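The values are calculated or read from the model by the stated rules, or taken from the named source; none is laboratory data. Owing to the predicted nature of the structure, the values given are computational and were not obtained by experimental measurement. Note that each Cβ is placed from the backbone with ideal geometry, even for glycine, and that neighbours are counted across all protein chains shown. The accessibility values were calculated without ligands, DNA or RNA, using every heavy atom of the protein model including side chains. Shrake-Rupley method; radii C 1.70, N 1.55, O 1.52, S 1.80 Å.
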Amino acid sequence: MFSLFSLKAQVTTPEDFFGFKPGADRELFDYEKLIEYIKKVDIQSDRVKVVKVGESMMGKPMFLVLLSSEKNIAGIDRLKKISKELALNYNLSDEKIKEYVNEGKVFVLATLSMHASEVGPAQASPLEIYKIATTKDPELLSELDNVVYMIVPSHNPDGMDLVVHNYLKYKGTKYEGTYYPGVYNKYVGHDNNRDFVTLSQSGTKAINRLYNDEWFPQVMVEKHQMGNRGVRYFVPPKHDPIAQNVDAELWTWDGVFGLNMQKDMTEQGLKGVVQGYAFDDYWPGSTETAHWKNMIAMLTEAASAKGATPVYIEDNELSVSGKGLSEYAKSANFPDPWPGGWWRLSDIIDYELSSTFSIIHTASLHKKELLELRNRLCKKEVEKGKNLAPNYYIIPLKQHDAGEMVRMVNLLKEHGIKVYQLSEDVMVGNLTYKKGDVVVPLAQPFRAFIKEVMEHQEFPVRHYTKGGSIIRPYDITSWSLPLHRGVDALEVDKLSSKLEKSMTLVEGKFSIKSDAPEKYSYAIFAAEDNDSYKAAFTAMKEGMKVWRASADFKVDDNNVSKGSFLIKKNSKLNDILKDLDTDPIFAGSSIDVEKKQITMPRIALVETYMHDMDAGWTRFIFDNYNIKYDIVHPGEFEKTDFTANYDVVIFPDNNKDILKSGKYKGSDGTYSIPAYPPEFTKGMGEKGMDNLMKFFNEGGIILAWGRSTALFAGNLKVPVNEKEKEDFKLPFNDISKTMSKNGLYCPGSFVAVKVNKDFELTQGMPENIGVFYRGNPVFTTSVPYFDMDRRVMAKFAKEDILLSGYAEKLDLISNKSAIVWLKKNKGQLVLFSFSPQFRASTPVSYKLLFNGILLGKLD
């Protein structure tokens, strides 16, 4: 039979194109070369279609590769429409479902090498593409008639280039296979899959659009790598705990796909494949948010080499730990252990190819069931939304920080959630909801996601044995959007016809802004709004004059809080206003209020080369808010004159020993050498610490949070002159080690804090907030001596401390200090027990960081 495919040029082999077979020892290609090959095959084969889906944070184009039969690729738009209908249309008739199931195909999405040091999946992709483009195997051709395999060949293009170029730079030297020095993308490094609720990074936005706005695949898999001294390959299902809002049918299908992978891989002689080990699926990260949007969502993990450099593993070096396996031995979920020996990138690629084609085989085998499942879950979730509480979330327009409410509503829309506004006041029960309030009904296909991110998290406690140890979470345990953003959201636990009749769908971007008046003298930005800080920092960056109110005041009928910002009308101000989600107060005449002019402080942001993700997130926040800063690495402290060049030094969360010495200190007191070239492992050293303490003593401001606060505990020294140093101890202690011994455990939860509103640091804050906390540090303070002082700016609540997530013995931190301000001579130090900007997901506490940056010098 005549085929257009026969007219195509012969498909170029990966080996001919790259000059080596992908997986060859000590050989890697970069992102540009990968995309060049894929585009070449796109021209050569009718089974391949390449679509641009977005851009990385560094501006690299991101692509989706569609792989299927020639007929399916030619009719891809029709198949895409069917996939969307099955995913979202809960009114489909049985007849229409049958038609769509017969005509439709299973879309399987694979996102590769999100964590760029995990090179294998991306390096395997040309071999997968070539095999599909050229196969004559009748079985695979039949499967391609039923399946559209979708590859994002590199989820992290920026990181792929950084890692590959670093590997090639050191290839042939003693440092071959060492880590990339820094985070392997612009900001967040390994945390990029921790961004799938918040969607702050352009790469996660692009993938999110793929599965809940454009293509609606029925199956997705994230392909990762892990350490090299344990199992060789992890396949689903995951271990407990699992997300409670996800439908049971999805969990069973994880098992079907995973068991088939293990069976197929073992049959092909690939040893060391495990199920139900190490990884849980409770938090929305390891499978993006796909499970909560009715997709079969999976994770695979291959053991790593050193990039493309082989590693040799002795049999007595192999071990396991954590959930699912206690011994490295033949087990029900680990039936064929790998015996040890050489492990190469080519091995990883063999496992990747095997797992990929197993997934395609399973998807093809169960085409009818999978397509029916997608629409059945769509209908089931809508029915749950009608019959199970809560039925609605209502988000009042009136909020402490209106901008965060607007951004939260638009984030829900970005996740594929329909939101509405009330066209009039409505009473439901004893409460009246106001015209303009936002309504999120749960009778939607993505109900599980709505409930997951809008409710307070309650960790599903499970035990290894009855009454035995609790199965602890893999990652964090809180991601509640209202809590993390400081937004009030109310649950309505019954259907309301009044509410339904008054709901108007929000089309396009949700906004509460209005046009600025033509005539005004000042724009006044409320201290309660994060937007106001963005306006102030942007204005200062642009050279405008900015003032802060020193007292509460009134403009017309508006009460304005102390700490609010005032900017005179000027030609540049309109551009700033356009970038905000809220309106300022416009004053038509001069304002009678005591105020002081503020200027942009000179900021040194401390960042190590050792994949410093918290510093990266801090940079992201600063860039987003137009806060100017310099990066200073610990090894540069000795030569940095902080006193002459900076006003504020900021230490994001990091290990004290890494900051001081560039090495990890073990519990036994010995140091381990990080796997980086030595120029990237320099710590502050004694001279660097002296420079920092001199800066502090002479009036500098230091902000630190998390583990970095340990730098300032215990005995310290400050240079008095070239020969003498003054010994001192600041009036605080970190008692978290004692608390931990007494049972305190907090893996990453939202806890209640009471804020002391009497201070410059806490301007714009409500009295009671939640903060993201991981169990340390825990501060106590003492009566100061000499030229020192302290104030407690915030305390953990006395009771009802846990707001969302999981913790053990949290009562131990009752009424303990959460933020401490310390003074020595003219210097100020602010210590946070929590990360105020955690993964760009806790805007409720951003203002504490911003106010710290804007602390005035002591007189």
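Checked against (1) more than 19 Å from Met150 (Cβ to Cβ); (2) part of a helix (DSSP H, G or I), Gly59 meets all criteria but (2). Being open to solvent by 10 Å² or more (accessible area, probe 1.4 Å) and outside any helix (DSSP H, G or I), is that true of even one residue in the stretch 31-38? Within the stretch 31-38, none of the residues are open to solvent by 10 Å² or more (accessible area, probe 1.4 Å) and outside any helix (DSSP H, G or I).
When every residue of the stretch 704-725 is checked against the conditions, none turns out to be open to solvent by 20 Å² or more (accessible area, probe 1.4 Å), farther than 27 Å from Lys857 by Cα and at pLDDT 95 or above. Selection within the stretch 389-426: residues that are in contact (Cβ under 8 Å) with a residue 40 or more places away in the chain and of a type in the set (Lys, Arg). The member of this set that is surrounded by the most Cβ atoms within 10 Å (Cβ to Cβ) is Arg407.
This table checks each residue for (1) surrounded by fewer than 21 Cβ atoms within 10 Å (Cβ to Cβ); (2) without any contact (Cβ under 8 Å) to a residue 24 or more places away in the chain; (3) among the β-branched types (Val, Ile, Thr).
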| position | (1), (2), (3) |
| --- | --- |
| Ser496 | yes, no, no |
| Val506 | yes, no, yes |
| Lys513 | yes, no, no |
| Phe525 | no, no, no |
| Lys534 | no, no, no |
| Met544 | yes, no, no |
| Ala549 | no, no, no |
| Val555 | yes, no, yes |
| Lys569 | yes, no, no |
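Filtering Gly19, Gly59, Gly75, Gly54 for residues that are free of Cβ contacts under 8 Å to residues at least 12 places away in the same chain and under 27 Å from the mean Cα position of the chain (by Cα) leaves a single hit, Gly59. Restricting Glu249, Glu222, Glu267 to residues that are of a type in the set (Asp, Glu), surrounded by 19 or more Cβ atoms within 10 Å (Cβ to Cβ) and either under 18 Å from Met298 (Cα atoms) or without any contact (Cβ under 8 Å) to a residue 60 or more places away in the chain (or both) narrows the list to Glu222.
Yes/no per residue for (1) open to solvent by less than 40 Å² (accessible area, probe 1.4 Å); (2) over 15 Å from Asn228 (Cβ atoms); (3) not charged (D, E, K, R):
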| site | (1), (2), (3) |
| --- | --- |
| Gly307 | yes, no, yes |
| Pro310 | yes, no, yes |
| Ile313 | yes, no, yes |
| Lys323 | yes, yes, no |
| Ser326 | no, yes, yes |
| Ala332 | no, yes, yes |
| Arg344 | no, no, no |
| Asp350 | no, yes, no |
| Lys367 | yes, yes, no |
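At least 1 residues being within 26 Å of Lys847 (Cα to Cα) is the threshold, and among the strands (runs of 3 or more DSSP E) wholly inside the stretch 458-526 those reaching it are 490-492, 522-525.
Among the residues of the stretch 557-567, the ones that are open to solvent by 10 Å² or more (accessible area, probe 1.4 Å) and among the β-branched types (Val, Ile, Thr) come to 0 in all.
Ala302 falls short on exactly one of the conditions (1) part of a strand (DSSP E or B); (2) of a type in the set (A, V, I, L, M); (3) surrounded by fewer than 21 Cβ atoms within 10 Å (Cβ to Cβ), and that condition is (3).
Given the structure, is Ile450 open to solvent by less than 10 Å² (accessible area, probe 1.4 Å), in a loop (DSSP other than H, G, I, E, B) and farther than 30 Å from Leu325 by Cβ? No.
Test Met600 against the criterion of being part of a loop (DSSP other than H, G, I, E, B), modelled with pLDDT of 95 or more and more than 30 Å from Gly662 (Cβ to Cβ), and give yes or no. In short, yes.
Residues in the stretch 841-853 that are surrounded by fewer than 23 Cβ atoms within 10 Å (Cβ to Cβ) and either free of Cβ contacts under 8 Å to residues at least 40 places away in the same chain or among the aliphatic types (A, V, I, L, M) (or both): Ile853 only. Kindly check whether there is at least one residue in the stretch 618-635 that is open to solvent by 40 Å² or more (accessible area, probe 1.4 Å) and among the small types (Gly, Ala, Ser). The answer is no, given that none of the residues of the stretch 618-635 is open to solvent by 40 Å² or more (accessible area, probe 1.4 Å) and among the small types (Gly, Ala, Ser).
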